[in-house]
Amino acid sequence: MAPPAGADRQGLHAPVHLLLLWLSVLLPLALFGWTAWSERRHALAEAGQAAERTVAVLHEHAARVIETNELVLSEVMRQIDDRSWDEIAEDARLWTTLLRVAADLGQPTDITLADGTGRVRMTTVRFPAARHESLAGAEDFEALRARQGWTHIGVSPESATAPRQITLSRRRVAPDGGLDGIVRIGVPVSQFSNFWERYAPTTRYAVTLARRDGRVITRWPTDRMLERVSLDSPFMRGALAQREGHLAGPSRIDGVHRRSAFAQVKDYPLHIVFGVETAAVLEAWQDRMLLLGLYTVLAAAGLSAMAWMAVRQYHEQSRDSVRWRSMAEQLSAESARREQAEAALRRAQTLEAVGQLTAGVAHDFNNLLQAIRSGLYLLSPHVPDRSRKLVDASLQAVDRGAKLVRQLMVFSRRETLQPRPVDPRALIAGVGELLQKAVGPPVSITTDIAPDIAPAMVDPTQAELAVLNLAINARDAMPQGGRLIIGARNARLEQPQGAAPAGDYVVLSVSDNGTGMPPEVLERVLEPFFTTKAVGKGTGLGLSMVHGFVAQSGGDMRIESRTGEGTTVSLWLPRAAAMPAAAEDAADPVSLPAQRGPGCRLLLVDDDALARLTTAEALRELGHDVAEARDGEEALLVLGQRGDLRVMVTDYAMPQMNGAELTVVARRRRPDLAVIMITGYAAGLPGRRPPGIRTLLRKPFRMEELDAAIRAAAGLEAVA
């Protein structure tokens with residue numbers, strides 16, 4: 001006895017009901033989690049930006065303080081210039097002047113003058129100076145005596161008579177070049193900390209001013225004062241590596257996690273760091289998240305109640321639903337469609353992976369072809385006439401290699417086709433002789449072309465290649481010989497079919513009476529590298545390349561085959577509006593390097609050493625002054641050093657900075673610079689053509705083309 005239909009459907013959909021209930025809770029929670037994470041990241045980013053702005057202000061203040069005291073040092077040195085120390089020690093007017101200068105600085109400032117032995121000869125603390133006072137052994141005195149710089153910045157610890165000070169000391173030079181004393185200015189570190197306290201934001205923060213060797217000048221707040229910071233600390237590592245930057249993490253001084261920014265104080269060996277406590281930044285975020293969490297709980301509760309009501313209503317309606325057998329059939333059909341879609345997706349992914357690999361290999365191969373073409377161009381003037389055919393043949397081989405690269409790119413669907421109206425009769429006639437040689441005598445070739453055949457809108461080169469590939473496949477299906485029929489007819493699709501939209505088409509067909517294909521093979525013939533031929537007899541890429549060309553042209557490919565009866569492959573190609581005009585033979589003779597007129601000064605940028613070397617030498621042969629660079633950074637350095645460069649010829653694909661990015665930066669600095677882009681990508685540049693590019697050449701290009709583009713960009717007259 002069959003189970004009741006309603007009970008079966010309820011059991012089948014129980015997981016769906018549970019999923020609905022869970023989603024009513026999980027979706028609000030997921031939205032809350034994403035919002036909380038996004039808000040937290042935004043708050044931390046804002047804190048980092050605020051730290052960078054604040055450290056810029058603190059840097060300017062510190063720089064002004066140091067520069068002001070350096071000016072005072074210079075003035076004091078001028079006052080005592082060419083005077084003996086005995087005269088200085090007894091000059092009450094000089095002492096009065098120093099007192100006035102110290103008072104003008106607005107802070108209790110000490111100015112001390114000591115002779116070459118370190119004995120203090122004058123100080124603003126008292127007059128005259130005590131005889132026993134000496135700076136011998138002090139850090140700044142010993143550093144200046146050892147000639148470690150012209151000005152020394154140090155720290156004077158806090159004492160019973162003076163606060164902690166930052167000292168600026170400058171050496172006085174004797175006639176023999178030795179040390180004849182020093183002039184020291186001591187500035188209380190409160191001149192920095194008072195400003196920091198006034199400028200402080202509302203959040204908890206810390207500011208540290210340290211010397212390059214890790215000696216701490218001052219810190220605010222001063223609850224944890226250290227004399228030195230380890231050079232291995234994140235702050236000192238970053239400060240020694242770059243002039244400014246930012247960091248996040250726990251402090252080595254107090255262990256508090258902060259988001260900080262640091263900067264070097266002008267060109268002085270001083271670095272200032274400002275950090276905001278991460279916990280303080282996140283306090284406001286936590287308050288907002290608590291309120292948002294309350295709203296989320298209420299929303300989840302409301303959604304859960306609605307979901308529960310929907311589940312109950314569904315259970316009531318399921319009693320009158322169709323029987324379980326109908327549902328099972330529907331699920332089976334859906335599963336089959338899904339498997340079919342997954343199989344199609346796997347095939348598409350395989351094609352995409354192979355296409356990416358092919359595109360990368362084609363790029364490198366084009367660079368090699370460019371190096372060969374440029375090298376042959378340089379050698380051609382030196383080759384005797386009897387060997388000229390060898391040079392011509394080599395250049396033709398380069399052209400064939402470039403054509404092969406474009407054919408590979410058709411398979412990967414990355415080649416930009418150049419469709420134009422093509423007469424099918426001329427197309428088939430053009431490959432007729434090649435077809436007969438390809439299939440051999442055992443196979444007879446006949447044509448079946450409709451008298452009123454219309455032109456097709458395709459790339460003629462790729463269309464010929466497609467017909468040739470299909471003919472070779474047909475030959476392999478007829479090992480004992482047979483008949484090959486190449487046909488062309490007009491057709492119309494009233495409804496879209498496959499990849500082809502509705503419209504008028506020209507159908508090229510290749511039919512054979514060979515072995516045919518069973519259904520399991522027919523399903524896989526478009527997979528790349530799939531072949532039924534023996535090892536070494538086929539690559540499995542022929543039909544894949546043809547399919548890629550037809551799809552890129554806006555048509556469709558159909559295959560009909562029966563075991564033992566043969567195969568017919570039909571290419572549905574878009575119809576053109578009119579027949580093509582008769583074209584003259586446009587084949588260019590092999591050009592030899594000719595005598596060129598004066599060229600221009602240009603920069604050649606290419607990361608491929610072979611291509612860059614040969615191209616640069618060829619351009620020099622053509623009369624140009626060529627500077628070379630192997631990447632974008634080196635190119636910018638050369639442009640900065642040589643203002644006479646008028647044209648830049650740059651490759652597109654380069655590490656770290658590609659040609660498009662280099663063009664933007666270079667033209668920002670040199671708006672008058674003309675840029676010519678060269679690329680090894682057979683399909684041209686990925687995406688749109690970058691702004692500022694005057695000419696785009698695809699490798700391998702002829703040197704005459706590049707020379708003409710350079711002369712046009714530089715405003716020079718072309719020379720035959």
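The values are calculated or read from the model by the stated rules, or taken from the named source; none is laboratory data. The structure presented is a predicted model; accordingly, all values stated were derived computationally and were not measured. When we count neighbours, we look across all protein chains shown, and the Cβ atoms used for this are built from the backbone with ideal geometry, even at glycine. Protein only, heavy atoms only, side chains kept; ligands, DNA and RNA dropped before computing areas. Shrake-Rupley method; radii C 1.70, N 1.55, O 1.52, S 1.80 Å.
The table for this structure:
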{"item": "Positive dipole terminus of the stretch 48-206, leading residue within A89, L73, Q107 (C-beta point charges)", "result": "Q107"}
{"item": "Within the accessible area of the stretch 437-512 (1.4 Å probe), percent carbon and sulfur", "result": "50 percent"}
{"item": "Relative packing of 254-267, 143-156, which averages over residues the other C-beta atoms within 10 Å, highest first", "result": "254-267, 143-156"}
{"item": "Whether the stretch 94-152 is rounded, prolate or oblate, judged on the alpha carbon gyration tensor where a/c under 1.5 counts as rounded", "result": "oblate"}
{"item": "Net charge contributed by nearby residues that have their C-beta within less than 12 Å of L71 (K/R +1, D/E -1)", "result": "-1"}
{"item": "Shape category assigned to the stretch 242-281 from the gyration tensor of Cα positions, a/c cut at 1.5", "result": "prolate"}
{"item": "Accessible area per residue, Å², the stretch 434-523 with all protein chains present, probe 1.4 Å", "result": "48 Å²"}
{"item": "Sorted peptide list for 177-183, 546-552, 237-243, criterion being average Cβ within 10 angstrom, highest first", "result": "546-552, 177-183, 237-243"}
{"item": "Share of carbon and sulfur in the accessible heavy-atom surface of the stretch 238-321 [1.4 Å probe, %]", "result": "60 percent"}
{"item": "Accessible area of the stretch 179-250 divided out per residue, in Å², using a probe of 1.4 angstrom", "result": "48 Å²"}
{"item": "Summed side-chain charge close to L231 - residues other than L231 whose Cβ falls under 10 Å, Lys, Arg +1, Asp, Glu -1", "result": "+1"}
{"item": "HN-Hα J in Hz across the stretch 507-518 - Karplus 6.51, -1.76, 1.60, θ = phi - 60°, x for Gly and Pro", "result": "9, 9, 10, 10, 10, 9, 10, x, 6, x, 10, x"}
{"item": "Accessible area per residue, Å², the stretch 27-171 with all protein chains present, probe 1.4 Å", "result": "53 Å²"}
{"item": "Percent carbon-and-sulfur accessible area, the stretch 27-171, ignoring ligands, DNA and RNA, probe 1.4 Å", "result": "53 percent"}
